[in-house]
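K.L.:
Take a look at this one; I'll ask things after.
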Number of protein chains: 4
Amino acid sequence: MTADADLRLRADARRNRDQIIAAAKQVFAEDGPDAPMEEIARRACVGVGTLYRRFPDREALIRGVARDNFAAVLTEARAAAAEEPTSWKALVRLLSRSHELQLSIHLSLVSPLARRVIREDPATGEFRHAILEVLDGIVHGAQAEGMLRRDVASGDIAVVVSMLLRPMPHDDKNMAEMIRDRMLTILLDGLRPGSALPGRPITSDKLRRP
Amino acid sequence: MTADADLRLRADARRNRDQIIAAAKQVFAEDGPDAPMEEIARRACVGVGTLYRRFPDREALIRGVARDNFAAVLTEARAAAAEEPTSWKALVRLLSRSHELQLSIHLSLVSPLARRVIREDPATGEFRHAILEVLDGIVHGAQAEGMLRRDVASGDIAVVVSMLLRPMPHDDKNMAEMIRDRMLTILLDGLRPGSALPGRPITSDKLRRP
Amino acid sequence: MTADADLRLRADARRNRDQIIAAAKQVFAEDGPDAPMEEIARRACVGVGTLYRRFPDREALIRGVARDNFAAVLTEARAAAAEEPTSWKALVRLLSRSHELQLSIHLSLVSPLARRVIREDPATGEFRHAILEVLDGIVHGAQAEGMLRRDVASGDIAVVVSMLLRPMPHDDKNMAEMIRDRMLTILLDGLRPGSALPGRPITSDKLRRP
Amino acid sequence: MTADADLRLRADARRNRDQIIAAAKQVFAEDGPDAPMEEIARRACVGVGTLYRRFPDREALIRGVARDNFAAVLTEARAAAAEEPTSWKALVRLLSRSHELQLSIHLSLVSPLARRVIREDPATGEFRHAILEVLDGIVHGAQAEGMLRRDVASGDIAVVVSMLLRPMPHDDKNMAEMIRDRMLTILLDGLRPGSALPGRPITSDKLRRP
DNA sequence: CATGAATGAGACTTCATTCAT
DNA sequence: CATGAATGAAGTCTCATTCAT
């Protein structure tokens with residue numbers, strides 16, 4: 001899930017690195033990607049110095065989080081495709097619970113810096129590509145099953161996912177979850193074969209540079 | 001549009017205030033609500049001193065922007081309700097073009113500070129309340145017209161609006177617009193009477209504390 | 001002696017600016033051009049913020065000091081040329097007491113950063129050019145007087161000055177002064193018409209990019 | 001060349017030490033004595049830990065470099081005295097090419113820290129003493145030969161050396177060399193018997209605390 | 001009142017030094 | 001012993017806010 005270079009880290013260094021990524025995910029999610037580096041270091045129980053040794057600057061850290069994150073999403077997408085009996089069910093699963101994905105979306109949504117960093121990182125780009133490929137398969141499958149309207153493509157689905165996974169405007173956990181479920185249903189209803197959509201299907205390569 | 005106290009401002013002071021709000025909207029939209037105060041002052045063509053005379057601190061400025069913004073949305077919602085021939089059309093109009101609304105949503109989305117400030121400001125709260133009341137009327141109207149599924153309430157619609165108006169994940173203006181149109185159609189399809197939604201309708205008072 | 005833009009500064013800002021330059025000269029002379037900015041601010045009796053408002057970063061400060069410094073040297077050179085009865089005496093005066101010059105030399109000697117900044121600043125370059133022009137006149141005059149060997153040019157003299165004005169390797173003030181006097185005499189003796197020098201005279205344009 | 005204790009080092013440890021000193025010389029020459037320790041370690045192809053095992057802190061490293069350096073200078077001075085046919089020629093040779101010396105001078109010139117460390121290190125002091133003794137012999141010899149003015153002492157010569165060996169204000173290698181040659185000739189001319197110098201000869205003990 | 005200068009707290013980053021592996 | 005990871009103090013710089021002009 002992480003770059004090859006990291007595999008050669010000493011055990012303790014490796015542990016630190018993971019703690020830092022985990023802490024950064026948390027803090028980024030809570031305070032946005034401008035959160036103080038010290039806060040992240042504290043959360044990871046390391047000194048700032050260690051953080052900076054592993055990630056030379058904020059951009060590198062964002063990059064690190066994004067890669068780890070996209071990698072996790074890819075895993076999740078593959079699992080959904082492999083484990084669900086139908087493509088439509090895989091799609092529903094992806095739409096309902098991709099918590100990892102949420103962070104990436106939040107990140108690239110909120111901060112111009114983060115957006116740029118993510119866009120410019122080739123490794124993240126590859127993950128994105130792989131994810132969209134899996135999604136492509138699911139979309140075509142669901143269309144073949146007659147469950148999904150034929151005038152959408154995996155790019156449309158990516159957008160739907162991103163809409164669903166953005167932070168819901170409610171602080172209450174349960175409420176937020178119910179809201180999300182309702183929106184999911186509305187969207188799924190809207191995704192069934194029905195009236196024609198405007199424009200052309202958003203194919204995955206249209207999102208290459210989001 | 002603004003609190004009563006402001007009405008007594010001298011003409012030039014008034015102009016300053018408006019310039020500042022306008023500049024702040026721009027800058028907040030571009031750089032988020034943590035943008036340097038000097039930048040906002042510069043854009044408004046006033047000194048920081050003037051900005052601080054009008055808005056004692058950043059929170060006051062955010063408050064000012066939020067009020068102005070919610071007021072504009074209210075105006076827009078009332079216009080839609082008054083001018084469109086059917087409630088359903090009013091709803092579609094609200095969903096398609098509420099650029100003012102976009103900023104509020106962006107603001108309360110992105111920054112914990114802004115979220116708190118908006119939530120805690122009673123004046124903004126009143127605007128929100130008024131907006132949801134108008135929306136209530138539209139929703140009931142559209143349901144009476146048989147165009148809108150009966151298991152949604154104005155709170156659900158507010159959520160739908162917020163989903164649609166968040167920044168779309170694409171830098172190309174046209175692409176972003178097409179994406180939005182497609183999502184709008186999908187959502188409208190999903191909002192037509194159809195399969196049952198999970199949970200209970202989100203009534204407007206459920207969103208009182210967003 | 002300072003750039004035009006500075007003339008429009010408010011009176012207090014102007015005073016601050018001058019204090020900062022003066023403090024920076026002192027501190028640079030004592031601790032080199034890597035000295036903490038805070039130290040300089042303290043010496044100038046201003047906050048760091050003020051220092052950074054006037055000079056956006058260390059390079060800008062070095063540049064400011066260099067300009068001020070070269071301007072002073074130019075004044076000194078012109079005074080020597082104008083006030084001394086013979087060119088040779090003007091030359092001797094320049095060689096003996098150009099305390100201002102000392103700092104510039106120290107600066108450009110000691111720190112790669114300072115060297116680069118000084119070299120790349122066009123304003124400083126113009127001062128340097130003007131100084132070398134004055135020196136040219138003095139050199140030619142002294143040669144016409146028969147006091148100065150004919151196989152040197154103003155560039156050579158600039159080098160001699162720089163050798164003399166570098167910090168002498170002794171902490172005792174008086175000792176350092178005596179040492180300098182002795183070296184001055186040795187050098188003046190060496191500069192009188194005598195045995196041929198190797199190479200070609202260093203003309204001022206050879207030092208354009210020192 | 002180095003203190004006795006070092007002689008007992010195992011061969012590989014010895015090699016490490018030498019690599020470190022060599023790297024430090026390079027790096028000090030390029031970036032000054034404040035250069036990062038890691039940089040020096042990297043250049044020496046050892047870990048920082050090894051560097052710190054050999055030299056407990058930066059001062060110790062500077063001390064090590066200074067000793068090594070002064071030792072080399074002493075060797076060079078002795079060689080000049082022994083190999084040149086006349087004392088004057090030995091003097092000229094010392095003045096023209098003492099690259100080792102250059103570093104010491106650079107060091108003690110540039111950084112207050114280095115200056116203090118060098119001054120306070122007894123071992124370096126002894127080397128300095130020995131060097132000045134050799135120089136004394138050369139000076140007296142040259143005076144006896146009638147080539148050197150009688151009102152100078154070895155301290156004066158040390159100063160002349162230090163003037164000549166400081167970095168010349170020019171980036172072009174060839175130019176710098178030509179400049180140095182010209183200055184050498186001027187100084188040698190000035191050192192021939194001639195007009196009386198001011199002050200008293202700088203004897204070597206006057207430089208004991210430079 | 002408007003202006004923009006000054007302040008200083010706080011965030012970022014670097015690096016000397018220590019210490020676990 | 002060698003290594004390079006971890007630490008945190010210290011320096012750089014930014015910006016919210018106050019205040020003199």
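K.L.:
Out of all the residues in segment D:20-41, which are within 11 Å of DNA strand E (Cβ to nearest atom) and surrounded by 14 or more Cβ atoms within 10 Å (Cβ to Cβ)?
P.N.:
Residues of segment D:20-41 within 11 Å of DNA strand E (Cβ to nearest atom): D:27, D:31-41.
Listed by number, the residues that qualify are D:VAL27, D:ASP31, D:GLY32, D:PRO33, D:ASP34, D:ALA35, D:MET37, D:GLU39, D:ILE40, D:ALA41.
K.L.:
What are the residues in segment C:167-176 that are open to solvent by less than 30 Å² (accessible area, probe 1.4 Å) and modelled with pLDDT of 75 or more, if any?
P.N.:
Across segment C:167-176, the qualifying residues are C:MET175, C:ALA176.
K.L.:
Testing A:PRO85 on (1) free of Cβ contacts under 8 Å to residues at least 12 places away in the same chain; (2) within 16 Å of DNA strand F (Cβ to nearest atom), one condition comes back false. Which one is that?
P.N.:
With respect to (1) free of Cβ contacts under 8 Å to residues at least 12 places away in the same chain; (2) within 16 Å of DNA strand F (Cβ to nearest atom), A:PRO85 is out only on (2).
K.L.:
Return only the number of the condition from (1) within 14 Å of another protein chain (Cβ to nearest Cβ); (2) over 19 Å from B:LEU103 (Cβ atoms) that B:TYR52 does not satisfy.
P.N.:
Here B:TYR52 clears every test but (1).
K.L.:
Any idea which residue in segment A:55-68 is nearest to DNA strand E (Cβ to nearest atom), counting only those that are free of Cβ contacts under 8 Å to residues at least 40 places away in the same chain and open to solvent by 50 Å² or more (accessible area, probe 1.4 Å)?
P.N.:
Taking segment A:55-68 as the starting set, the residues that turn out to be free of Cβ contacts under 8 Å to residues at least 40 places away in the same chain are A:55-57, A:60.
With open to solvent by 50 Å² or more (accessible area, probe 1.4 Å) added as a condition, the list becomes A:56-57.
Numbers: A:PRO56: 6, A:ASP57: 4 Å.
Among those residues, the one meeting the criterion is A:ASP57.
K.L.:
For segment C:38-59, give me each residue that is under 20 Å from C:SER108 (Cβ atoms) and not basic (Lys, Arg). Talk me through it step by step, then tell me what you get.
P.N.:
The first filter runs over segment C:38-59 and keeps only residues under 20 Å from C:SER108 (Cβ atoms), leaving C:40, C:55, C:57-59.
Those that are under 20 Å from C:SER108 (Cβ atoms) and not basic (Lys, Arg): C:ILE40, C:PHE55, C:ASP57, C:GLU59.
K.L.:
Of B:LEU91, B:LEU95, which residue is open to solvent by less than 10 Å² (accessible area, probe 1.4 Å) and within 13 Å of another protein chain (Cβ to nearest Cβ)? Show your work before the answer.
P.N.:
Numbers: B:LEU91 fails: within 13 Å of another protein chain (Cβ to nearest Cβ).
Only one candidate qualifies: B:LEU95.
K.L.:
Would you call B:VAL73 surrounded by 21 or more Cβ atoms within 10 Å (Cβ to Cβ) and in the same structural domain as B:THR185 (by TED's automatic domain parsing)? Give the derivation first.
P.N.:
On the way: surrounded by 21 or more Cβ atoms within 10 Å (Cβ to Cβ): yes; in the same structural domain as B:THR185 (by TED's automatic domain parsing): yes.
For B:VAL73, the condition - surrounded by 21 or more Cβ atoms within 10 Å (Cβ to Cβ) and in the same structural domain as B:THR185 (by TED's automatic domain parsing) - is met.
K.L.:
Further question on the same structure: Does B:THR124 satisfy the criteria of being among the hydroxyl-bearing types (Ser, Thr, Tyr) and open to solvent by 50 Å² or more (accessible area, probe 1.4 Å)? Break it down stepwise before answering.
P.N.:
Working: among the hydroxyl-bearing types (Ser, Thr, Tyr): yes; open to solvent by 50 Å² or more (accessible area, probe 1.4 Å): no.
For B:THR124, the condition - among the hydroxyl-bearing types (Ser, Thr, Tyr) and open to solvent by 50 Å² or more (accessible area, probe 1.4 Å) - is not met.
K.L.:
Among the residues of segment A:133-144, which ones are touching a Leu at 6+ places or on another chain (Cβ under 8 Å) and open to solvent by 10 Å² or more (accessible area, probe 1.4 Å)?
P.N.:
Within segment A:133-144, the first condition is being touching a Leu at 6+ places or on another chain (Cβ under 8 Å), and the residues that meet it are A:134-135, A:138-139, A:142.
Passing the criteria: A:VAL134, A:LEU135.
Here's the yes/no breakdown for (1) of a type in the set (Phe, Trp, Tyr); (2) open to solvent by 10 Å² or more (accessible area, probe 1.4 Å); (3) farther than 24 Å from C:ASN69 by Cβ:
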| site | (1), (2), (3) |
| --- | --- |
| C:ILE131 | no, yes, no |
| C:GLY146 | no, yes, yes |
| C:VAL159 | no, no, no |
| C:LEU165 | no, no, no |
| C:MET178 | no, yes, yes |
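K.L.:
Right, here's the next one. For segment A:130-164, enumerate the residues that are outside any helix (DSSP H, G or I) and among the aliphatic types (A, V, I, L, M).
P.N.:
Of all residues in segment A:130-164, those outside any helix (DSSP H, G or I) come to A:145-153.
If the condition is that a residue be outside any helix (DSSP H, G or I) and among the aliphatic types (A, V, I, L, M), then A:MET147, A:LEU148, A:VAL152, A:ALA153 are the ones that fit.
K.L.:
Something else now. Would you confirm, using the coordinates I've provided, whether C:GLY49 is in the same structural domain as C:LYS25 (by TED's automatic domain parsing) and surrounded by fewer than 22 Cβ atoms within 10 Å (Cβ to Cβ)?
P.N.:
For C:GLY49, the condition - in the same structural domain as C:LYS25 (by TED's automatic domain parsing) and surrounded by fewer than 22 Cβ atoms within 10 Å (Cβ to Cβ) - is met.
The values are calculated or read from the model by the stated rules, or taken from the named source; none is laboratory data. Everything numeric here is computed off the predicted structure, so don't read it as measured data. Please note: Cβ atoms are built from the backbone with ideal geometry, for glycine as well, and neighbour counts cover all protein chains shown. Just the protein is used for accessible areas: all its heavy atoms, side chains included, with ligands, DNA and RNA removed. Shrake-Rupley method; radii C 1.70, N 1.55, O 1.52, S 1.80 Å.
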